[in-house]
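First the structure, in the form of structure tokens, and then the observations on it.
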């Protein structure tokens, strides 16, 4: 049973009196947060706050909850598929917790121009893994989209973590939902995990359930979604495909039956550990930091203390890029490489490509 699954079961339990007392301040903070979110959405809906449109298809990948649902792998998957189909595409991302940079251009598809600190962990990882796909970071995604159109001649953009970015109109809104977590206890931040009320799911064009191991177990969640907004529901999971280790790319078998320490600063660390267990790794200790944690030399030193009992450390690719420059190379560290697998891949792809049949696209010819 993963950590995520335990969280779900706890959330469904009737809370004790002392728990309700402790949560009451967070509940009070959730009220003004909810008012603000609803008011902002209403103002955009009425046109009092303006949404701008780019002269090309915009595909948004986002979610309704705090924490990792797998947005980055899907953004990369969509961008690569479009590029393979002959559609020049760029990725627009905010760059969470990044430092101020000289400009928004992270990558032109050939070179990387910003550091991990200037771009954020997930955008930097995308820049390292993607080729021929420009990536721009910054809050003003409309301006960055205009720059991508002018500088690279792109014919489509993929908006990373875009469901809440209402200033930019989109042609396809994909909402990801972690099937192992659902919507928690249904409360808004900071008491719960919801970034918006469930009713706001009506803005979505389709749902993609992630981390699906058993489709039958998703039926209650699917019913809930269909009652809110009856749009297509797709399913996906993540497959471990290899490691990036001290000797570069390595096979999954290299760490089988090894005694490993896990290091992660992701939204659902329990799911990461479950993937390692599936491929036969003996996880003897889990070191967990908050999502988007900025690692320090002190963190690396604390890792070395535990190495007497372990054969090495295994982390995520997202965490590995943040460990660069911290003398992590002196420790035996591997990063797990995963691949997004969409169960209904053909139909999912058809849904994406359908938006390119619109007249305003200008006659993009999609390669078979």
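For the range 266-290, what are the residues that are buried (at least 18 other Cβ atoms within 10 Å of the Cβ) and either in contact (Cβ under 8 Å) with a residue 40 or more places away in the chain or not in a loop (DSSP other than H, G, I, E, B) (or both)? Answer for the range 266-290, where residues must be buried (at least 18 other Cβ atoms within 10 Å of the Cβ) and either in contact (Cβ under 8 Å) with a residue 40 or more places away in the chain or not in a loop (DSSP other than H, G, I, E, B) (or both): 266, 267, 268, 269, 270, 271, 272, 273, 274, 275, 276. Looking only at the range 9-16, decide whether some residue is more than 22 Å from residue 139 (Cβ to Cβ), outside the structural domain of residue 118 (by TED's automatic domain parsing) and at pLDDT 95 or above. No, the range 9-16 contains no residue that is more than 22 Å from residue 139 (Cβ to Cβ), outside the structural domain of residue 118 (by TED's automatic domain parsing) and at pLDDT 95 or above. Taking the range 95-109 as the range and being at pLDDT 95 or above, closer than 23 Å to residue 338 by Cβ and in a loop (DSSP other than H, G, I, E, B) as the test, only 109 passes. Among the residues of the range 110-131, those that are in contact with a strand residue (DSSP E or B) (Cβ under 8 Å, 6 or more places away or on another chain) and assigned to a loop (DSSP other than H, G, I, E, B) comprise 113, 114, 120, 130.
Here 178, 171, 160 are screened, and the one residue that is in the same structural domain as residue 62 (by TED's automatic domain parsing), touching a strand residue (DSSP E or B) at 6+ places or on another chain (Cβ under 6 Å), touching a residue at least 60 places away in the same chain (Cβ under 8 Å) and under 30 Å from residue 325 (Cα atoms) is 160.
Screening 81, 58 for residues that are in contact with a strand residue (DSSP E or B) (Cβ under 6 Å, 6 or more places away or on another chain) and at pLDDT 95 or above leaves exactly one candidate, 58.
Considering only residues in the range 232-248 that are without any contact (Cβ under 8 Å) to a residue 60 or more places away in the chain and either in a strand (DSSP E or B) or touching a helix residue (DSSP H, G or I) at 6+ places or on another chain (Cβ under 6 Å) (or both), the one that is surrounded by the most Cβ atoms within 10 Å (Cβ to Cβ) turns out to be 233. Scanning the range 301-328 for residues that are assigned to a helix (DSSP H, G or I) and either touching a residue at least 60 places away in the same chain (Cβ under 8 Å) or buried (at least 16 other Cβ atoms within 10 Å of the Cβ) (or both) yields 303, 317, 318, 319, 320, 321, 322, 323, 328. Would it be correct to say that residue 263 is in a helix (DSSP H, G or I) and either in the same structural domain as residue 244 (by TED's automatic domain parsing) or modelled with pLDDT under 95 (or both)? Taking the combined requirement at face value, the residue does not satisfy it. Quick check, is residue 229 buried (at least 17 other Cβ atoms within 10 Å of the Cβ) and farther than 23 Å from residue 97 by Cα? Considered against the rule, which asks whether it is buried (at least 17 other Cβ atoms within 10 Å of the Cβ) and farther than 23 Å from residue 97 by Cα, residue 229 comes out as yes.
Do we find a residue being surrounded by fewer than 21 Cβ atoms within 10 Å (Cβ to Cβ) and part of a loop (DSSP other than H, G, I, E, B) anywhere in the range 68-81? No - not one qualifying residue is present in the range 68-81.
The values are calculated or read from the model by the stated rules, or taken from the named source; none is laboratory data. On a predicted model such as this, the values are computed, not experimentally measured, just so you know. No Cβ is skipped: glycine too gets one built from the backbone with ideal geometry, and neighbour counts run over all protein chains shown.
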